[in-house]
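Here's the structure, in structure tokens; my notes come after.
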Amino acid sequence: MNSELIPLMVVFPLISAILLNLMHGKDRAVRVYGTLAMVVVIAVPLLAVYGNHLFGAHPAIDTPAETGIALGRINLAIEYSFGFLQRALIFLLAAIATFAVLSHTSNEKRASGVYLSMVMLSIAAVSAVVMANDIFNMFVFLEILTISQAAMVVAKGDIGGYKAALKYLIFGGVAGGAILLGIALLLGTFGVLNITDLGNALSGNTKSPIVLTAVGLLVIGWLFESGLFPFHTIKSHIYSSAKADVAALLQTETKIVLVAIAIILLRLFGGLSNMSAVMVGLSVITLAFGSVMALVQTDFRRLLAFAAVGQAGLVGIGLSLGTPDGIAASIFHAVNDALAMSLLFVTVFVIYEGAKTTEFSRLGGLLTKAPRLAFLQIIGIMAVSGVPPFNAYQSEYRLIGAAFQAGYPELGVVIILGTIVTFVALMKGFFLTFLKESTAVAAIGRPQLSNALPLVTFATMVILALVCLGIGLHPGPLYDRFADVAITLTMGV
Amino acid sequence: MNVDVQLWSFVVAGLLVIIGLYAIAFMDNLVKKIIGVMLVGDGVNLVLITEGFKPGGIVPIISEKLFSSGAVGDFANDAAYSLPFALVLTNIVIGASTLAVLLGISIKLYQHYRSLSVAHIFQEDDA
Amino acid sequence: MRSLYDTLHETLKSRGGTHIGGGFTAEYMLLAFFPLAFVALLRGLDSLTSAVLAILVTALVAFSLPLVKKVSRENSDHFAIAAFYIAIVMGLVLFLMVGGF
Amino acid sequence: MIIEIAILFVIVASSILALVQRDLMRAVIIIGFQGLGLALLYQRLLAADVAITQAILGSALIPGLMAITVLKTRRYQE
């Protein structure tokens with residue numbers, strides 16, 4: 001009976017967004033409601049049972065003969081499907097979003113209702129994209145996601161955020177147009193929007209130029225939403241212009257949306273070798289440029305932003321291979337990387353709060369000031385770059401194995417190289433921040449980093465580090481179920 | 001004179017998308033770039049509307065009179081395909097809200113840089 | 001004949017103090033990435049085309065050393081650069097999808 | 001038939017004309033005609049409900065927002 005809770009994962013954040021927007025200005029109400037709402041947002045995906053929800057309860061019907069739709073049955077309602085993958089991704093999103101909300105309500109003097117409502121809007125949008133079994137519903141929520149992400153970046157208030165948001169929204173308009181045009185072409189050809197129906201209609205029918213154009217347009221939309229190659233500069237600009245807790249949320253959302261859209265593409269056009277080649281190629285280029293650009297940055301936030309984009313390329317490689325092992329390892333890596341990258345973004349947030357800058361030329365010698373922070377950051381660095389006891393090691397080595405098994409040994413080498421470059425870049429950041437002798441920090445007022453660590457931030461960092469370690473020690477429960485998801489996904493192809 | 005309206009609508013939709021992309025890529029002024037984003041959206045909307053169009057059909061709005069006269073079957077035969085129209089309705093609203101946010105951001109950028117030129121605004125980002 | 005190391009060192013030094021180490025690593029990593037990425041991307045083609053393309057890419061890389069400076073300029077935040085690459089990739093993706101390989 | 005062709009011509013012409021203006025206020029007014037043309041075209045293409053929305057948004061609301069932006073910034077392109 002709890003499958004009634006499925007639409008609540010989208011509807012509740014939407015209603016909360018409206019309410020929080022109305023409450024703006026009433027500081028206490030915003031704080032209390034924001035915190036309580038996050039409890040619900042976290043609880044609902046855990047309580048809901050697996051199943052499908054049909055909006056308006058329209059059942060599937062036999063296709064009338066004269067409509068020209070070559071399917072036995074078509075689904076009339078907008079359909080949300082909820083399984084283990086959806087539960088894991090939405091819970092991950094809710095956890096990171098809770099941190100963003102709590103850090104806002106506990107660290108800011110005045111809680112902003114508008115900002116929290118944008119966080120809620122993005123939660124609703126990502127949940128809907130993950131669950132929607134309807135390609136137009138996916139598009140609508142992707143557009144909402146773009147707007148709310150731009151608004152969250154703007155919330156920081158400095159001019160760099162406005163510039164990044166402007167670029168993001170303009171190219172978001174182009175990419176959204178591309179997705180909708182692709183949907184329009186598919187709708188004009190097959191007459192259905194439900195992904196299951198569309199997949200049935202498409203099976204063995206993907207060779208016509210109209211369908212291929214639609215695939216190309218949808219792939220362009222996927223590239224934008226997940227920040228892959230031509231859009232990687234925009235994504236990294238967005239991450240580094242936002243506040244760090246927002247950046248942690250943004251990169252989590254990006255990785256979840258990457259996985260969700262790639263799975264939709266695989267369900268629709270899984271057998272298409274062109275598409276898989278294009279996706280692998282652009283993912284490899286993203287990995288190369290993202291991690292190499294991270295090396296040459298002079299600002300810790302920009303370094304992390306490029307490293308996050310490079311890791312998204314890593315996730316894209318496994319998904320576009322299209323084998324069950326690759327898909328499972330990629331989803332697993334998306335989850336692990338979102339957790340570990342969030343940990344790193346939070347540590348950099350603390351440095352920024354304490355030192356009021358993240359330029360390497362003005363940082364240094366913080367190890368004696370903030371030993372706890374240094375310890376947590378080194379855990380985050382090891383977790384991101386796949387050092388054995390932590391979680392990304394488990395997924396990266398499975399990813400490399402999947403690349404070898406799919407017959408792309410050079411991709412395995414590329415993944416190893418990318419991991420090494422990311423590790424070197426992050427260690428460079430760690431060295432320049434914590435170990436390098438510096439007098440510059442003295443000049444900007446010795447930050448009392450260790451003592452001033454807010455409780456919420458410190459607790460979040462410890463929890464994230466423990467989760468990274470826990471998944472690294474026991475990858476089985478999570479990975480095996482992702483593997484099941486991947487096998488059922490590739491069975492239909 | 002017998003012209004295929006559907007074909008020419010598709011052509012115009014393509015032209016709108018191309019003009020919009022041109023404006024986004026080559027126009028320096030921010031307001032014109034935003035107009036370009038709007039034109040891309042309009043072009044895509046026109047594609048969808050034209051897909052739903054049925055030559056010689058009727059508007060897909062059912063009325064009580066149709067029920068009472070028993071002409072519902074004729075209605076089902078003649079009416080245009082209304083699913084794309086619903087999609088366009090959603091997309092128009094989304095496009096308008098994106099546009100509003102973009103215009104707000106450009107006012108803010110103008111107040112800081114005293115200019116609407118994109119080359120000027122992004123000048124310092126040239127590494 | 002000056003060594004490549006000196007050329008690199010000078011170019012990187014002109015960009016400011018702390019980036020020399022990172023710049024060197026990035027340079028060598030790019031040199032390792034390019035052939036690997038091309039092997040991965042071009043393996044579907046027949047041997048003659050891929051040989052010609054490999055020679056072209058090698059020449060392109062050899063004449064544009066140090067790579068890291070050019071790469072970081074092309075990955076900057078400027079609007080026009082982003083628009084340029086987006087236009088190219090959009091065209092390329094559609095061409096590869098519809099035209100096939 | 002001839003009406004639709006005329007509307008299509010107006011749409012393309014006004015979008016091009018709007019983009020070549022140096023006076024941004026004039027560009028905004030011309031883009032209003034493009035929105036109105038699209039609304040009429042939607043009506044002719046049997047999408048009456050969409051036409052109403054497009055008429056309000058495309059010919060009044062969006063040009064209005066743009067006009068406010070132009071008034072708050074600068075009128076002539078530099």
Around D:Asp23: net Lys/Arg minus Asp/Glu count, Cβ-Cβ under 14 Å: +4
According to a simple spin-label model (label point 7 Å from Cα along Cα-to-Cβ), what is the distance in nm between A:Leu473 and B:Ala100? 5.2
Across the residues of A:399-410, average count of Cβ atoms on other protein chains within 10 Å? 1
According to a simple spin-label model (label point 7 Å from Cα along Cα-to-Cβ), what is the distance in nm between C:Asp46 and B:Ala76? 5.6
Just to be sure I understand the curve: with the Debye formula and one point per C-alpha of chain B, what is log10 I(q)/I(0) at q = 0.11, 0.13, 0.14, 0.17 Å⁻¹? -0.57, -0.70, -0.76, -0.94
Can you give the percent of C-alpha pairs in segment A:206-293 whose distance is more than 22 Å? 30
Please compute the contact order of segment B:5-125 in relative form: average sequence separation of alpha-carbon pairs under 8 Å and at least six residues apart, divided by the residue count, as a percent. 27
Rounded, prolate or oblate (a/c below 1.5 giving rounded, otherwise prolate when a/b exceeds b/c) for chain D by Cα gyration tensor: oblate
Give me the inter-chain shielding for A:284-290: mean count of other chain Cβ atoms within 10 Å, whole number please. 4
Sorted from fewest to most neighbouring beta carbons within 10 Å, what does the list A:Ile15, A:Ile238 look like? A:Ile15, A:Ile238
With just the Cα atoms defining each centre, how far is segment A:326-357 from segment A:135-179? Give it in Å. 21
What is the extension gain from A:Phe404 to A:Glu4, computed as 0.36 nm multiplied by their sequence separation minus the C-alpha to C-alpha distance, in nm to one decimal? 139.7 nm
What number, rounded to the nearest 500 deg cm²/dmol, is the helix-based mean residue ellipticity at 222 nm of chain A, given -39500 (n - 2.57) per DSSP H run of at least four residues and division by all its residues? -25000 deg cm²/dmol
Go ahead and estimate [θ] at 222 nm for chain D from helices alone: -39,500 (n - 2.57) per DSSP H run with n ≥ 4, summed, over the residue count, rounded to 500. -25000 deg cm²/dmol
Cβ neighbours within 10 Å from other chains - mean over A:127-136: 1
Note to self, chain B gives a 222 nm [θ] from helices alone (DSSP H runs n ≥ 4, -39500 (n - 2.57) apiece, / all residues, nearest 500) of -24000 deg cm²/dmol
If only Cα atoms are counted, what is the Rg of segment A:228-493, and what is its Dmax, in Å? 18.4, 63
Would you list A:Val40, A:Val259 from fewest to most Cβ contacts within 10 Å? A:Val40, A:Val259
Full extension between B:Tyr22 and B:His120 adds, at 0.36 nm per residue less the Cα distance, a length in nm of 33.3 nm
Relative packing of A:335-343, A:382-390, which averages over residues the other C-beta atoms within 10 Å, highest first: A:335-343, A:382-390
The protein assembly as shown: radius of gyration over Cα atoms, expressed as a fraction of 2.2 N^0.38 Å: 0.95
Could you give the angle, 0 to 90 degrees to the nearest 10, between helix A:273-295's Cα long axis and the longest principal axis of the Cα atoms of chain A? 10
Ranking A:Glu108, A:Glu79, A:Glu225, B:Glu64 by Cβ neighbours within 10 Å, fewest first, what do you get? B:Glu64, A:Glu108, A:Glu79, A:Glu225
Computed over chain A, the relative contact order (Cα-Cα under 8 Å, seq sep at least six) in percent reads 14
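Only the coordinates and a few stated rules stand behind these numbers; no lab work does. Source: prediction; values computed, not measured. Neighbour counts are summed over all protein chains in view; Cβ atoms, including those assigned to glycine, are modelled from backbone coordinates with ideal geometry.
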